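Notes follow the structure.
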Amino acid sequence: MIKIGITGGIGSGKSTVAKLLNVLNYPVYSSDSRARVLLKENKQIHEAIREAFGDCVFDVSGNPSRALLADLVFNDENLLNKLNTIIHPAVRNDFNEWIKTQNSTLVFKEAAIIFEHGLEKELDAVWVVDAPVQLRVDRVIKRSGLTAQQVHERMNNQLDAELLRQKANLIINNDDEHALIPQVINAVNSIL
Ligand code: ATP
């Protein structure tokens, strides 16, 4: 089985590429959506979060609140690291379990964070989705209602786009000049 990581900065188009791969019938593991499910359902994660952050980050239904956690860790690197040491290993294990249930020769893992934690070692290649900064900002504003400043703050907490491009095994240019679908199809064909 060939495992390909799909990564890129905020608003680059990772999820869009993941959706295209899904349409092409390839299994795609979405780290972000699985992290949300695990945060909601995994009792071990709940206990670890209670121990690390206390009851104040739990909502009335007894689940950890993503909004409260996000507020708490935003701009606090220590707390963010603390949360990541709970969530990231759980997602990593979950991905490894998911792989066992797949019978495709080619599978994908979409994740905002791959190189930051050396996860490329567990993958056969990593594709980086990229687009010009202003386009990414505009797309995220349109999608989420965040301000330009908030998008830039999130970008500043991520790996620099140029570094990502250097580390990539393949770059998908999701700008207004290169058509996305042929790039994705060619990328798949290049490894099959
Ligand atoms: P995030 O890291 O914030 O989750 P992402 O890298 O997964 O972002 P997407 O969610 O795929 O990025 O794309 C961001 C927004 O831009 C979405 O609303 C998406 O529909 C839009 N978008 C992505 N690619 C294109 C494109 N080629 N043309 C027009 N809109 C696009």
Requested in this report: Evaluate segment 137-159: report whether one residue or more is within 12 Å of the ligand (Cβ to nearest atom), modelled with pLDDT of 95 or more and either acidic (Asp, Glu) or outside the structural domain of residue 14 (by TED's automatic domain parsing) (or both).
Outcome: yes
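Would you check which residues across segment 38-67 are outside any helix (DSSP H, G or I) and in contact with an Asp or Glu (Cβ under 7 Å, 6 or more places away or on another chain) and list them?
The answer is 65, and nothing else.
Do the conditions hold for residue 134, that is, is it over 29 Å from residue 22 (Cα atoms) and without any contact (Cβ under 8 Å) to a residue 12 or more places away in the chain?
no
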Query raised in the report: Pairs under 6 Å by beta carbon, first residue open to solvent by 60 Å² or more (accessible area, probe 1.4 Å) in segment 139-157, partner within 12 Å of the ligand (Cβ to nearest atom) and not in a helix (DSSP H, G or I), six or more apart or different chains?
Result: 139/11; 154/10
Report task. Could you please let me know if residue 10 is within 16 Å of the ligand (Cβ to nearest atom) and either out of contact with any strand residue (DSSP E or B) (no Cβ under 9 Å at 6 or more places or on another chain) or modelled with pLDDT of 95 or more (or both)? Result -> yes
Report task. Tell me, yes or no, whether segment 109-121 has at least one residue that is more than 24 Å from residue 178 (Cα to Cα), more than 16 Å from the ligand (Cβ to nearest atom) and open to solvent by less than 20 Å² (accessible area, probe 1.4 Å). Result -> yes
Query raised in the report: What number of residues within segment 13-37 are part of a helix (DSSP H, G or I) and within 14 Å of the ligand (Cβ to nearest atom)?
Result: 16
Query raised in the report: Could you list, in sequence order, the residues of segment 53-79 that are farther than 19 Å from residue 42 by Cα and open to solvent by less than 70 Å² (accessible area, probe 1.4 Å)?
Result: 72, 73, 76, 79
Report summary line: Only one of (1) at negative phi; (2) in contact with a helix residue (DSSP H, G or I) (Cβ under 6 Å, 6 or more places away or on another chain); (3) modelled with pLDDT of 95 or more; (4) not polar (S, T, N, Q) does not apply to residue 73, and that is (3)
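The values are calculated or read from the model by the stated rules, or taken from the named source; none is laboratory data. This is a predicted model, so every value here is computed, not measured. Glycine gets a Cβ as well: all are built from the backbone with ideal geometry, and neighbour counts include every protein chain shown. For accessibility, only protein heavy atoms count, side chains too; no ligands or nucleic acids. Shrake-Rupley method; radii C 1.70, N 1.55, O 1.52, S 1.80 Å.
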